[in-house]
1. Can you list residue pairs whose Cβ atoms sit under 7 Å apart, with the first residue in segment 367-378 being within 8 Å of the ligand (Cβ to nearest atom) and the second being open to solvent by 60 Å² or more (accessible area, probe 1.4 Å)? Count only pairs 6 or more apart in sequence or on different chains.
2. Do we find that residue 262 is part of a helix (DSSP H, G or I), open to solvent by 20 Å² or more (accessible area, probe 1.4 Å), in contact (Cβ under 8 Å) with a residue 60 or more places away in the chain and not charged (D, E, K, R) in this structure?
3. Of the numbered conditions (1) away from the ligand (no atom under 12 Å from the Cβ); (2) among the small types (Gly, Ala, Ser); (3) surrounded by 21 or more Cβ atoms within 10 Å (Cβ to Cβ); (4) part of a helix (DSSP H, G or I), residue 341 satisfies every one except a single condition; which is it?
4. Just checking, how many residues over segment 15-54 are within 14 Å of the ligand (Cβ to nearest atom), free of Cβ contacts under 8 Å to residues at least 24 places away in the same chain and touching a Ser or Thr at 6+ places or on another chain (Cβ under 9 Å)?
5. Scan segment 108-134 for residues that are more than 18 Å from residue 68 (Cβ to Cβ), touching a strand residue (DSSP E or B) at 6+ places or on another chain (Cβ under 8 Å) and open to solvent by less than 10 Å² (accessible area, probe 1.4 Å) and report the count.
6. Could you please find all residues in segment 66-98 being surrounded by 18 or more Cβ atoms within 10 Å (Cβ to Cβ) and not hydrophobic (A, V, I, L, M, F, W, C)?
7. Condition (residue is farther than 17 Å from residue 138 by Cβ and either touching a helix residue (DSSP H, G or I) at 6+ places or on another chain (Cβ under 6 Å) or surrounded by 13 or more Cβ atoms within 10 Å (Cβ to Cβ) (or both)) applied to segment 99-107: is it met by at least one residue?
8. Are any of the residues in segment 426-444 open to solvent by 10 Å² or more (accessible area, probe 1.4 Å), over 23 Å from residue 298 (Cα atoms), touching a Phe, Trp or Tyr at 6+ places or on another chain (Cβ under 6 Å) and modelled with pLDDT of 95 or more?
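The values are calculated or read from the model by the stated rules, or taken from the named source; none is laboratory data. Since the model is a prediction, treat every value here as computed from it, not as a measurement. Virtual Cβ from ideal backbone geometry, glycine too; neighbours counted across all protein chains shown. Surface areas here come from the heavy atoms of the whole protein model, side chains and all, with no ligands, DNA or RNA. Shrake-Rupley method; radii C 1.70, N 1.55, O 1.52, S 1.80 Å.
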Amino acid sequence: MDQVLTKTEKINVLFSAVEADPFVKVGGLGDVAYALPYALRNLHPEDINNHEIDIRLVIPCHSFSCDFQDTFTERTVFDVKTAMGDIPTTAYSTEINGLPIYIISSRLIPQDTSVYTSDDYVDGLKFLFFSQATLALVKHLNWQPDIFHVNDWHTAITPYLIDLQKSNGRSEGRMKSVLTIHNLPFLGTGTEEAINDLGIPFSSNSKLPVWARKLPLPIGLSASDKIVAVSPTYANEILTPEFGCGLDKYLSMRKNSLSGIVNGIDTQLWNPATDSEILARYSIHNLYERQNNKHVLQNELKLQLDPDIPLLAFIGRMSHQKGIDLIIDGLRLLKGVPWQAIILGTGEVKLEKQALQLESEFPDNVRTLIKYDSKFSRRIYAGADMLLMPSRYEPCGLAQMIAMRYGCIPIARATGGLKDTISDVSKSLNATGFLFEEESGQALADTILKAVETYKNKPGWHIMQTKAMQKDFSWHQSALKYTRLYMGLQG
Ligand code: ADP
């Protein structure tokens, strides 16, 4: 039989971020920067119109490098031209699970500080230099990216540097660029001096507000071929004055280049059927086992041992964004129903204190734990009945996806990624959670009461849990969408 040979078309992508699991992870960006390139690299050509994504990751060499030094296979040594002189730079090559990674080391990327410091100049110099260095690296590789994919303000300036080269007639001009916004309010404010010191001219794009022409994220937005927000709803929200951080008018002009793609979660790492941190492992086929995890939690936290009392949870940063104050107000308003709540988080001291105060007001109902504890968070996802996530804004959000995967039903504000990933109870049989609009403790309390009513109907609640656990939050879905975006930039 004749064999039909189909030619695959390769798209080379350099994915640039300032943190990446397993090297260094401070927040959600660290998850994305490993998981998304890994998922893209592992897509089957047949699923993406006979394309193959040769994606590689580039990150700065923070202090973590020592742990991974043994895996470095190659060294590329080069100079990066800046207004501070030619800076000697080294790119180490390594590979994690088949994903090629370049790690950039230089004296302008200090190893004795944390990834993010409180000094805007220090961070600005480090990340903007890194952005220059990633572009310089490309000239020294025998592999050329078709697309430069950058993330947040730290690496946003690279597409602008590509544009500057283009106007100087340099060959890198053929590269296209994608900028993913994980959190718009972080524009790179306070880095103007670092931009100057490195010799990067401010933008002269008259479509940008004047103040924005000196900041890395807006400068990068103005030069990127495609802009991605981490959920479709957030992509729309940033076009409004409420969420647009002063860039809403500019972003509206770029509407045709803007799209929203939700992040995924690592469905192997977050799997209640195999999670070794939880006592009773379960899937949709033995959901009754979940009850044991609730019992263990109640016991461990000295809460009343009663399977029928709804157990609410918050897991996250204690910040204004996450609406922890709305939880505190909302729980105070819960009357006439039994409830218990676990609050796990760290963040703003004032909010931490308020959460602790709530525990002293409701010693029989509330347990507040001020710590970051990944293992404990797993036991909460696996044992609590409902996750509270009344975020004021939420570009994507991971906690609600993890919660659904564990059959912990989210009660969340209808904003950003929460709106895109949670099917509200009004969707009847396909519901996976409860959404509410108004930014108030009362609205949250009303929605909790609605959820508690549903919770009393056990068969109905199990259907909701099953639907939530069956939702596909894998990176595969996001990777398919990014591939379509990359393909649109080709040719
Ligand atoms: P963020 O805006 O902080 O990135 P996400 O919901 O996108 O919020 O992701 C938060 C992640 O961090 C989730 O995986 C959540 O489980 C985890 N997390 C947040 N705070 C804590 C904590 N105190 N202990 C354990 N895990 C936490």
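1. Pairs found: none.
2. Criteria not met by residue 262.
3. Checking residue 341 against (1) away from the ligand (no atom under 12 Å from the Cβ); (2) among the small types (Gly, Ala, Ser); (3) surrounded by 21 or more Cβ atoms within 10 Å (Cβ to Cβ); (4) part of a helix (DSSP H, G or I), the one that fails is (4).
4. 0
5. Counting residues in segment 108-134 that are more than 18 Å from residue 68 (Cβ to Cβ), touching a strand residue (DSSP E or B) at 6+ places or on another chain (Cβ under 8 Å) and open to solvent by less than 10 Å² (accessible area, probe 1.4 Å) gives 6.
6. Residues satisfying the conditions are 82, 89, 92, 94.
7. Checking segment 99-107: at least one residue is farther than 17 Å from residue 138 by Cβ and either touching a helix residue (DSSP H, G or I) at 6+ places or on another chain (Cβ under 6 Å) or surrounded by 13 or more Cβ atoms within 10 Å (Cβ to Cβ) (or both).
8. Yes: one or more hits.
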